[in-house]
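Asker: Next up is a structure, given as structure tokens.
Since every read-out is calculated from the coordinates, none of them should be taken as a lab result. Not measured: the values here are computed from a predicted model. So basically every Cβ, Gly included, is an ideal-geometry build from the backbone, and we count neighbours across all protein chains shown.
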Amino acid sequence: DPLPGDPFYEGSMGQIIENARQDLEALQKGGVDGILMTNEFSGPFFTDTPKPVFGAMCRIFGEIRHLFTVPYGVETIADGEGCVEICAATGASFTRCLFTGAWAGDTGLQQRNIARTLRLRRELDLDDLKLCYFINGEGTTPMDSRPLAQKAKSLLSGCRAECLVVSGPGPGSQPDVSQIVEVKEVAGSTPVFCGTGCNEKNCEAILAVADGAFVGSAFKKDGVFTGRIDEERVARFMQKAKALRKD
């Protein structure tokens, strides 16, 4: 849901909290391994998350924290330092972001500062916080023209990336499987995740090469990005995923 301060906020934090509670319940009953809470509907996104949005996310999390039974992460989209800060506030064990590089998109030119992000993690004594690095962006064009494999090597050596994420062009759009393979071939023991577009129909091909996937649209009613979580869709996907990995 859009949050206070977002352009499409509809004015009811109570309803947003209830929606979050219902989505959390559906995800956990459906059998997910972990949950990532994000401000997915705060777009267009700032690289410095506005205080009302940050505060709303903390309030929502605080209201439902006692209901979590699986590992969880929190992400302030497009704001790497915000990701670290909100994880410090919520006790999250992982986060995900486009932490590095320079990009062009709907909001113009954006430049990340991974040097500050990693130093902030150290200052906040969050050495155990896992950062999942998008290696390519959703709906953006990189100013860096290096091949994905070369970018991956740089992230692994220069940033000691704990996880690499390969995305498609937007929410619900799968990446080319060959891109996942390209990154996986140089990643060694570092996990490589599919960041978008993994669903019940393509998960066999994706999970044959990726170590895991962030799943959003495929878990929602009718597979629609703006819908609410559908427990039956979650359960079907997770049953298939667990069979593929022989849980």
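Asker: Sort out which residues of segment 90-122 are in a helix (DSSP H, G or I), out of contact with any helix residue (DSSP H, G or I) (no Cβ under 6 Å at 6 or more places or on another chain) and hydrophobic (A, V, I, L, M, F, W, C), and write them in order of number.
Answerer: Of everything in segment 90-122, those that are in a helix (DSSP H, G or I), out of contact with any helix residue (DSSP H, G or I) (no Cβ under 6 Å at 6 or more places or on another chain) and hydrophobic (A, V, I, L, M, F, W, C) turn out to be I114, A115, L118.
Asker: In segment 176-189, which residues are in a loop (DSSP other than H, G, I, E, B) and farther than 26 Å from S93 by Cα? Give the steps one after another, and end with the answer.
Answerer: From segment 176-189, those in a loop (DSSP other than H, G, I, E, B) are 176, 188-189; that's our starting set.
Scanning segment 176-189 gives a single hit, D176.
Asker: Which one is farthest from G188 (Cα to Cα), of the residues in segment 123-174 that are of a type in the set (S, T, N, Q) and either assigned to a helix (DSSP H, G or I) or without any contact (Cβ under 8 Å) to a residue 12 or more places away in the chain (or both)?
Answerer: So the first thing to find is which residues in segment 123-174 are of a type in the set (S, T, N, Q), and the list is 136, 140-141, 145, 150, 154, 157, 167, 173-174.
Pick out the ones that are also either assigned to a helix (DSSP H, G or I) or without any contact (Cβ under 8 Å) to a residue 12 or more places away in the chain (or both) and you get 145, 150, 154, 157.
Working: S145: 23, Q150: 14, S154: 13, S157: 12 Å.
Result: S145.
Asker: Among the residues of segment 24-56, which ones are touching a helix residue (DSSP H, G or I) at 6+ places or on another chain (Cβ under 9 Å), under 22 Å from F193 (Cβ atoms), not β-branched (V, I, T) and not in a loop (DSSP other than H, G, I, E, B)?
Answerer: Those that are touching a helix residue (DSSP H, G or I) at 6+ places or on another chain (Cβ under 9 Å), under 22 Å from F193 (Cβ atoms), not β-branched (V, I, T) and not in a loop (DSSP other than H, G, I, E, B): L24, A26, L27, Q28, G30, M37.
Asker: Right, something else. Is there any pair linking a residue in segment 17-40 that is on the phi > 0 side of the Ramachandran plot to one that is surrounded by fewer than 19 Cβ atoms within 10 Å (Cβ to Cβ), with Cβ under 9 Å and at least six apart or on different chains, and which?
Answerer: Every condition considered, the pairs that remain are G31/A235; G31/Q239; G31/K242.
Asker: Pick from S189, S173, S154, S217: which is out of contact with any strand residue (DSSP E or B) (no Cβ under 8 Å at 6 or more places or on another chain), of a type in the set (S, T, Y) and over 24 Å from I77 (Cβ atoms)?
Answerer: Numbers: S173 fails: over 24 Å from I77 (Cβ atoms); S154 fails: over 24 Å from I77 (Cβ atoms); S217 fails: over 24 Å from I77 (Cβ atoms).
Answer to the check: S189.
Asker: Looking at segment 64-122 only, could you name the residues that are of a type in the set (F, W, Y) and closer than 15 Å to T47 by Cα?
Answerer: Within segment 64-122, the subset of a type in the set (F, W, Y) is 68, 72, 94, 99, 103.
Correct list: F99, W103.
Asker: Does at least one position in segment 110-120 carry a residue that is among the small types (G, A, S) and over 24 Å from D1 (Cα atoms)? Steps first, please.
Answerer: Let us first name the residues in segment 110-120 that are among the small types (G, A, S), namely 115.
Imposing the further condition that a residue be over 24 Å from D1 (Cα atoms) reduces the set to 115.
The answer is yes; a qualifying residue exists.
Asker: Identify, please: which residue in segment 136-170 is over 18 Å from G82 (Cβ atoms) and within 12 Å of the chain's Cα centre (by Cα) and is, among those, surrounded by the most Cβ atoms within 10 Å (Cβ to Cβ)?
Answerer: Filtering first and then ranking leaves V166.
Asker: So the check is Cβ under 9 Å with 6+ separation or different chains; which pairs have a first residue in segment 189-208 that's under 15 Å from C163 (Cα atoms) and a second one that's among the basic types (K, R) and not in a loop (DSSP other than H, G, I, E, B)?
Answerer: Note: pairs meeting the criteria are V192/K184; F193/R96; G195/R96.
Asker: When you look at A235, is it among the aliphatic types (A, V, I, L, M), more than 28 Å from G43 (Cβ to Cβ) and buried (at least 19 other Cβ atoms within 10 Å of the Cβ), yes or no?
Answerer: Working: among the aliphatic types (A, V, I, L, M): yes; more than 28 Å from G43 (Cβ to Cβ): yes; buried (at least 19 other Cβ atoms within 10 Å of the Cβ): no.
No, not satisfied.
Asker: Quick one: which of E10, E25, E40, E18 is under 15 Å from the mean Cα position of the chain (by Cα) and of a type outside the set (S, T, N, Q)? Show your work before the answer.
Answerer: Numbers: E10 fails: under 15 Å from the mean Cα position of the chain (by Cα); E25 fails: under 15 Å from the mean Cα position of the chain (by Cα); E18 fails: under 15 Å from the mean Cα position of the chain (by Cα).
Sole residue among the options that is under 15 Å from the mean Cα position of the chain (by Cα) and of a type outside the set (S, T, N, Q): E40.
Asker: On to the next question. Of all residues in segment 207-229, how many are over 17 Å from the mean Cα position of the chain (by Cα) and buried (at least 21 other Cβ atoms within 10 Å of the Cβ)?
Answerer: 0
Asker: Out of curiosity, is V234 touching a residue at least 24 places away in the same chain (Cβ under 8 Å), touching a Lys or Arg at 6+ places or on another chain (Cβ under 6 Å) and in a helix (DSSP H, G or I)?
Answerer: Details: touching a residue at least 24 places away in the same chain (Cβ under 8 Å): yes; touching a Lys or Arg at 6+ places or on another chain (Cβ under 6 Å): no; in a helix (DSSP H, G or I): yes.
Taking the combined requirement at face value, the residue does not satisfy it.
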